[in-house]
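What follows is a short report on a single structure.
The values are calculated or read from the model by the stated rules, or taken from the named source; none is laboratory data. None of the values given here were measured: they were computed from a predicted structure. Methodologically, a virtual Cβ is constructed for each residue, glycine included, from the backbone with ideal geometry; neighbour enumeration extends over all protein chains shown.
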Amino acid sequence: MVFNPNNADFLSGSDGDSINYLLKYLKQQSPDVLAEVAKSATSDAKQIVSQNVKGLIGNLPPEQFHAQVMTDHESLANLLASAMMTGYFLRQMEQRMQMEDAILGTLSWTNDEGSSH
């Protein structure tokens with residue numbers, strides 16, 4: 001699925017007067033920028049977000065069921081926000097894991113060097 005900002009009208013809130021500035025910002029981005037950001041997500045993160053969204057809306061096997069999900073604007077916005085926050089959290093945890101691996105690798109390398117003398 002590709003986000004097309006020219007094909008989405010997410011800017012008005014449920015009261016018709018409020019503006020969601022994050023969505024306004026997203027709409028101003030070119031599809032190329034959004035595609036590049038989407039490509040930067042790791043396959044592990046994509047899988048976790050996918051499982052999270054499926055868990056929220058239901059996960060019936062497509063071979064046996066042809067389910068359609070209907071919702072209102074507010075619920076869809078909440079689902080999007082949940083997926084975004086999950087993605088943000090996962091990226092932060094991936095960075096933390098990489099830093100810990102680098103530190104532990106450095107400490108291990110330093111300890112190996114120290115014990116060989």
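Brief remarks follow.
- Condition met for Arg96 (touching a helix residue (DSSP H, G or I) at 6+ places or on another chain (Cβ under 8 Å) and in a helix (DSSP H, G or I)): no
- Residues being within 18 Å of Leu22 (Cβ to Cβ) and free of Cβ contacts under 8 Å to residues at least 24 places away in the same chain - total across the range 47-88: 8
- Test: residue in the range 59-75 that is surrounded by 13 or more Cβ atoms within 10 Å (Cβ to Cβ) and among the hydroxyl-bearing types (Ser, Thr, Tyr): yes
- Any hit, the range 59-77, residues being part of a loop (DSSP other than H, G, I, E, B), of a type in the set (Ser, Thr, Tyr) and within 16 Å of the chain's Cα centre (by Cα): no
- Under the condition of being hydrophobic (A, V, I, L, M, F, W, C) and modelled with pLDDT of 85 or more, the residues counted in the range 34-64 number 3.
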